[in-house]
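The values are calculated or read from the model by the stated rules, or taken from the named source; none is laboratory data. Fair warning: this is a prediction, and the values are worked out from it, not measured in the lab. Here the Cβ is made from the backbone with ideal geometry for all residues, glycine too, and neighbour counts use every protein chain on show. For accessibility, only protein heavy atoms count, side chains too; no ligands or nucleic acids. Shrake-Rupley method; radii C 1.70, N 1.55, O 1.52, S 1.80 Å.
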Amino acid sequence: MGSREYRRAVANNRHSVGLTAETLAEIEAAGIVLPDLDAVRRYRLQRVRDRLRDLDYAGIILYDPVHIRYACDTTNMTLWTAHNPCRYLWVGAEGPMILFDFSETAFLAGHNPLVDEVRPATQWMYELSGIEMERRLRRWSSELASVVGEYGSGNRRVAIDRAGPGAIHSLDRQGLQLRSGGEVMEVARSVKSPEEVTLMRAALVAAEKSLEAMRASLKPGMTELDLWAILHSENIRRGGEWIENRFLCSGPRTNPWFHEAAGRVIEDGDLVAFDTDLIGIFGMCVDISRTWIAGSRRPNANQQDVFARAEETIRRNIEMVRPGVTFRELTFDSWSPDVDEFHQYSNQFHGVGMADEWPMIVFPHTWDEAGYDGVVEPGMVLCVESFVGRRGWGEGVKLEEQVLVTEHGYELLSGYPIGLR
């Protein structure tokens, strides 16, 4: 839909004012026509329910706010509820979807066509229940057991994605047979509909405009935090939501990887490497990495060498992405610099959608410890990762691209140029 149609679609929802005119104009300029959001919602819910039926589960209890948003597209204090279990959703293989929302906030889901019923959540986390925790857990588990009894057709197998030991024991005492929620949700989320891919394209456009603002501002004398704040600000200003990490570092802090942005002053000739890890517009994740050189100095021999190796890693491994390739093949047939000479990233490929997702493809030398097999399907979106930094000295380079698996191969979704300048 165009910007006018999008505005009309959200006009009757006073809780969702939609994207800014600037963001919509950027999306339209990229030739992207936004899809019917209700079609996206229906597809996602069907993916969850199909997975529940495949596993013969009565339903799933969701606490993870990203899982809740995927299943029913409702939000409420997303980051706070990510670490405070105070809001949950029941999705049955059959029957109504019931959202148990925080406090008196039922109105936040009032516009949603998928949520059949909103009830007040029973708060059992210690911050909100104190010494009444056990009593509230009994009330909480009893209500959920009643829902399973009413709509589960006698099936007591129920998945749950996140809960403390007290919650697990309380559900056990109700006679529910608990299963892994991750097994349901990660596989459900892994294959995107064409409409979801369109939302991801729009999110990438907005994020890459944010990168342009970062690149234009990069200069020696600013701090890493100064530069990182630009990405965060531009993402929020365009309607994005949050950033999962703070992976931006410069100079000697670029090797090994995983330093987060700090007050270090960027110097002329420093490499500046970052990983966006951002949740952008429509709750879609944009996870790409770039490495730039600050100032006017020419890159030195090590900077050129590690950049070339990181770029070659990305280029060669993207060519492996196709439907039907196994996770094991991606692990063992991919290319990377010698692990004994160079530091590498923690994985070579990973899924991405509303956040980083299953599958996670590791390196050959970590297969026995962390690897697992599976098959790549059309509609998956994978991030292809690379970090290269010499062991013991020199700066490092972080690069990452976002790739759609098509019926016959792949399509590069991320379009921001790779280059030191």
Would you confirm whether or not segment 119-141 contains a residue that is closer than 28 Å to residue 379 by Cβ and within 27 Å of the chain's Cα centre (by Cα)? no
Does segment 246-269 contain at least one residue that is among the aliphatic types (A, V, I, L, M), out of contact with any helix residue (DSSP H, G or I) (no Cβ under 7 Å at 6 or more places or on another chain) and over 23 Å from residue 78 (Cβ atoms)? yes
Quick check on segment 285-298. Is at least one of its residues closer than 26 Å to residue 206 by Cα, among the hydroxyl-bearing types (Ser, Thr, Tyr) and either in contact with an Asp or Glu (Cβ under 6 Å, 6 or more places away or on another chain) or without any contact (Cβ under 8 Å) to a residue 12 or more places away in the chain (or both)? yes
In segment 144-154, which residues are in contact (Cβ under 8 Å) with a residue 24 or more places away in the chain, part of a helix (DSSP H, G or I) and surrounded by fewer than 19 Cβ atoms within 10 Å (Cβ to Cβ)? 150, 151
If you take the residues in segment 193-245 that are buried (at least 18 other Cβ atoms within 10 Å of the Cβ) and of a type in the set (Ser, Thr, Tyr), which one is farthest from residue 403 (Cα to Cα)? 210
Give segment 379-402 a look and list any residue that's small (Gly, Ala, Ser) and not in a loop (DSSP other than H, G, I, E, B), or say none. 386, 389, 396
Selection over segment 328-364 where residues are part of a strand (DSSP E or B) and over 23 Å from residue 285 (Cβ atoms) yields a count of 2
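For segment 249-258, give me each residue that is surrounded by fewer than 19 Cβ atoms within 10 Å (Cβ to Cβ) and in contact with a Lys or Arg (Cβ under 8 Å, 6 or more places away or on another chain).
251
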Tally of residues being within 19 Å of residue 84 (Cβ to Cβ), modelled with pLDDT under 90 and not hydrophobic (A, V, I, L, M, F, W, C) across segment 95-149: 3
Search segment 130-143 for residues being of a type in the set (A, V, I, L, M) and surrounded by 15 or more Cβ atoms within 10 Å (Cβ to Cβ), and hand back the single one that is farthest from residue 174 (Cα to Cα). 133
Odd one out for residue 49 among (1) touching a helix residue (DSSP H, G or I) at 6+ places or on another chain (Cβ under 6 Å); (2) in contact (Cβ under 8 Å) with a residue 24 or more places away in the chain: (1)
Helices (runs of 4 or more DSSP H) completely within segment 12-129 that count 3 or more residues being open to solvent by 40 Å² or more (accessible area, probe 1.4 Å): 21-29, 37-55, 78-83, 126-129
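Let's see how each residue does on (1) among the hydroxyl-bearing types (Ser, Thr, Tyr); (2) surrounded by fewer than 22 Cβ atoms within 10 Å (Cβ to Cβ); (3) without any contact (Cβ under 8 Å) to a residue 60 or more places away in the chain; (4) in contact with a helix residue (DSSP H, G or I) (Cβ under 7 Å, 6 or more places away or on another chain):
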site: 326; (1), (2), (3), (4): yes, yes, yes, no
site: 338; (1), (2), (3), (4): no, yes, yes, no
site: 377; (1), (2), (3), (4): no, yes, no, no
site: 397; (1), (2), (3), (4): no, no, no, yes
site: 401; (1), (2), (3), (4): no, no, no, yes
Take the residues in segment 280-324 that are within 21 Å of the chain's Cα centre (by Cα) and assigned to a helix (DSSP H, G or I), then tell me which one is surrounded by the fewest Cβ atoms within 10 Å (Cβ to Cβ). 318
Out of all the residues in segment 380-392, which are in contact (Cβ under 8 Å) with a residue 12 or more places away in the chain and open to solvent by 10 Å² or more (accessible area, probe 1.4 Å)? 390, 391
Hey, among the residues in segment 403-421 that are among the β-branched types (Val, Ile, Thr) and over 23 Å from residue 260 (Cβ atoms), which one's surrounded by the most Cβ atoms within 10 Å (Cβ to Cβ)? 405
How many residues are in contact (Cβ under 8 Å) with a residue 60 or more places away in the chain and open to solvent by 40 Å² or more (accessible area, probe 1.4 Å) when one looks only at segment 355-375? 2
Single condition residue 182 does not satisfy, out of (1) in a helix (DSSP H, G or I); (2) crowded, with 19+ Cβ neighbours inside 10 Å: (2)
